[in-house]
1. Looking only at segment 57-95, which residues are among the small types (G, A, S) and part of a loop (DSSP other than H, G, I, E, B)?
2. So which pairs qualify, if the first residue must be in segment 79-108 and on the phi < 0 side of the Ramachandran plot, the second must be of a type in the set (D, E, K, R) and in a strand (DSSP E or B), the Cβ gap must be under 9 Å, and the two must be at least 6 apart or on different chains?
3. Taking the residues in segment 8-23 that are surrounded by 10 or more Cβ atoms within 10 Å (Cβ to Cβ) and not in a helix (DSSP H, G or I) as candidates, determine which candidate is modelled with the lowest pLDDT.
4. Which ones in segment 57-67 are surrounded by 11 or more Cβ atoms within 10 Å (Cβ to Cβ) and small (G, A, S)?
5. Look at D31 and say whether it is loosely packed, with under 11 Cβ neighbours inside 10 Å, outside any helix (DSSP H, G or I) and among the acidic types (D, E).
6. Look through segment 105-114, keep the residues that are in a strand (DSSP E or B) and in contact with a Phe, Trp or Tyr (Cβ under 7 Å, 6 or more places away or on another chain), and return whichever of them is nearest to V76 (Cα to Cα).
7. Take segment 42-55 and flag every residue that is modelled with pLDDT of 80 or more and either touching a Phe, Trp or Tyr at 6+ places or on another chain (Cβ under 6 Å) or exposed (fewer than 10 other Cβ atoms within 10 Å of the Cβ) (or both).
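The values are calculated or read from the model by the stated rules, or taken from the named source; none is laboratory data. Not measured: the values here are computed from a predicted model. A quick note on method: Cβ atoms are made from the backbone with ideal geometry, for glycine too, and the neighbour counts reach across all protein chains shown.
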Amino acid sequence: MASNSKNIAEFLNGDTTITATDIANNAVTADKIATDSVTVNKILDGAVTAAKINSAVALGGPSLGTASVIRTNAKVIAENITFAGNENGLTIGPVTVNSSYTVTVASGSTWVIL
(Lines give C-alpha, C1' and ligand atoms only; values in the text may rest on other atoms or scores of the structure.)
Protein backbone atom coordinates (compact mmCIF):
# COMPACT_ATOMS: atom_id res chain seq x y z
CA MET A 1 0.00 0.00 0.00
CA ALA A 2 1.64 3.23 -1.16
CA SER A 3 1.35 6.14 1.22
CA ASN A 4 2.91 9.52 1.87
CA SER A 5 2.48 8.95 5.61
CA LYS A 6 5.18 7.86 8.02
CA ASN A 7 4.60 4.36 9.34
CA ILE A 8 5.24 3.31 12.92
CA ALA A 9 8.45 1.48 12.01
CA GLU A 10 10.01 4.70 10.70
CA PHE A 11 9.17 6.43 13.98
CA LEU A 12 10.69 3.61 16.00
CA ASN A 13 13.91 3.85 13.97
CA GLY A 14 14.39 7.44 15.09
CA ASP A 15 12.97 9.26 12.05
CA THR A 16 10.35 11.32 13.85
CA THR A 17 10.36 14.36 11.57
CA ILE A 18 7.27 14.82 9.43
CA THR A 19 7.69 17.18 6.48
CA ALA A 20 5.16 18.62 4.04
CA THR A 21 6.00 15.86 1.55
CA ASP A 22 5.03 13.25 4.18
CA ILE A 23 1.46 14.57 4.40
CA ALA A 24 -1.04 13.58 1.71
CA ASN A 25 -2.82 16.36 -0.16
CA ASN A 26 -5.96 17.50 1.68
CA ALA A 27 -5.14 15.27 4.67
CA VAL A 28 -5.15 18.16 7.15
CA THR A 29 -8.45 20.02 7.15
CA ALA A 30 -9.97 22.54 9.57
CA ASP A 31 -12.28 19.92 11.09
CA LYS A 32 -9.25 17.73 11.95
CA ILE A 33 -7.38 20.46 13.85
CA ALA A 34 -8.14 20.58 17.57
CA THR A 35 -9.39 23.86 19.00
CA ASP A 36 -6.50 26.04 20.20
CA SER A 37 -3.87 23.60 18.86
CA VAL A 38 -2.35 26.13 16.45
CA THR A 39 -1.09 29.08 18.47
CA VAL A 40 1.08 32.05 17.67
CA ASN A 41 3.98 30.34 19.44
CA LYS A 42 3.76 27.39 17.02
CA ILE A 43 3.79 29.44 13.79
CA LEU A 44 7.24 30.23 12.40
CA ASP A 45 8.12 33.87 11.82
CA GLY A 46 7.40 34.73 8.21
CA ALA A 47 5.20 31.65 7.66
CA VAL A 48 2.02 33.69 7.21
CA THR A 49 2.28 36.36 4.53
CA ALA A 50 -0.27 38.73 3.01
CA ALA A 51 -0.21 36.58 -0.14
CA LYS A 52 -1.42 33.57 1.87
CA ILE A 53 -4.35 35.40 3.50
CA ASN A 54 -7.76 35.26 1.83
CA SER A 55 -8.40 38.44 -0.15
CA ALA A 56 -11.69 38.97 1.74
CA VAL A 57 -9.72 39.60 4.96
CA ALA A 58 -9.10 43.31 5.56
CA LEU A 59 -5.50 43.93 6.52
CA GLY A 60 -4.03 47.09 8.03
CA GLY A 61 -4.07 49.03 4.78
CA PRO A 62 -1.33 50.88 2.95
CA SER A 63 1.36 52.48 5.06
CA LEU A 64 4.96 53.65 5.18
CA GLY A 65 7.77 53.23 7.68
CA THR A 66 8.76 50.73 10.30
CA ALA A 67 5.70 49.37 12.13
CA SER A 68 3.42 51.14 9.59
CA VAL A 69 3.88 54.44 11.43
CA ILE A 70 2.34 56.49 8.56
CA ARG A 71 -0.99 55.39 7.06
CA THR A 72 -1.54 56.34 3.43
CA ASN A 73 -4.44 56.54 1.01
CA ALA A 74 -4.80 57.07 -2.71
CA LYS A 75 -5.41 60.56 -4.12
CA VAL A 76 -8.04 59.39 -6.62
CA ILE A 77 -11.26 57.43 -6.13
CA ALA A 78 -12.05 55.34 -9.20
CA GLU A 79 -14.93 53.25 -7.89
CA ASN A 80 -18.36 53.72 -6.39
CA ILE A 81 -18.22 53.75 -2.60
CA THR A 82 -21.23 53.69 -0.27
CA PHE A 83 -21.21 54.25 3.47
CA ALA A 84 -24.07 52.10 4.79
CA GLY A 85 -24.89 54.31 7.77
CA ASN A 86 -23.13 52.23 10.42
CA GLU A 87 -19.53 53.33 9.81
CA ASN A 88 -17.43 56.46 9.44
CA GLY A 89 -14.47 57.18 7.20
CA LEU A 90 -11.42 59.41 7.04
CA THR A 91 -9.44 60.46 4.00
CA ILE A 92 -6.38 62.68 4.01
CA GLY A 93 -6.73 64.94 0.98
CA PRO A 94 -6.81 66.37 -1.43
CA VAL A 95 -8.80 63.58 -3.07
CA THR A 96 -10.54 63.48 -6.44
CA VAL A 97 -13.58 61.36 -7.27
CA ASN A 98 -13.24 60.45 -10.94
CA SER A 99 -16.13 61.30 -13.25
CA SER A 100 -18.87 58.64 -13.43
CA TYR A 101 -18.02 57.49 -9.87
CA THR A 102 -19.70 58.53 -6.62
CA VAL A 103 -19.17 58.40 -2.89
CA THR A 104 -22.49 58.08 -1.10
CA VAL A 105 -22.60 58.86 2.62
CA ALA A 106 -25.80 57.48 4.12
CA SER A 107 -27.51 58.98 7.15
CA GLY A 108 -25.68 57.83 10.28
CA SER A 109 -22.26 57.83 8.61
CA THR A 110 -19.64 60.58 8.41
CA TRP A 111 -16.80 60.96 5.89
CA VAL A 112 -14.12 63.45 6.90
CA ILE A 113 -11.54 64.72 4.42
CA LEU A 114 -8.62 66.44 6.10
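1. Across segment 57-95, the qualifying residues are A58, G60, G61, G65, A74, A78, A84, G85, G93.
2. Taking only residues 6 or more apart or on different chains, the pairs are I92/R71.
3. D15
4. S63, the sole residue that qualifies.
5. No, not satisfied.
6. Filtering segment 105-114 for residues that are in a strand (DSSP E or B) and in contact with a Phe, Trp or Tyr (Cβ under 7 Å, 6 or more places away or on another chain), the one nearest to V76 (Cα to Cα) comes out as W111.
7. Result: L44, D45, G46, A47, T49, A51, K52, N54.
Yes/no per residue for (1) at pLDDT 95 or above; (2) surrounded by 10 or more Cβ atoms within 10 Å (Cβ to Cβ); (3) over 27 Å from the mean Cα position of the chain (by Cα):
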| residue | (1), (2), (3) |
| --- | --- |
| V69 | no, no, no |
| N73 | no, yes, no |
| I81 | yes, yes, no |
| I92 | no, yes, no |
| V97 | yes, yes, yes |
| T102 | yes, yes, yes |
| S109 | yes, yes, no |
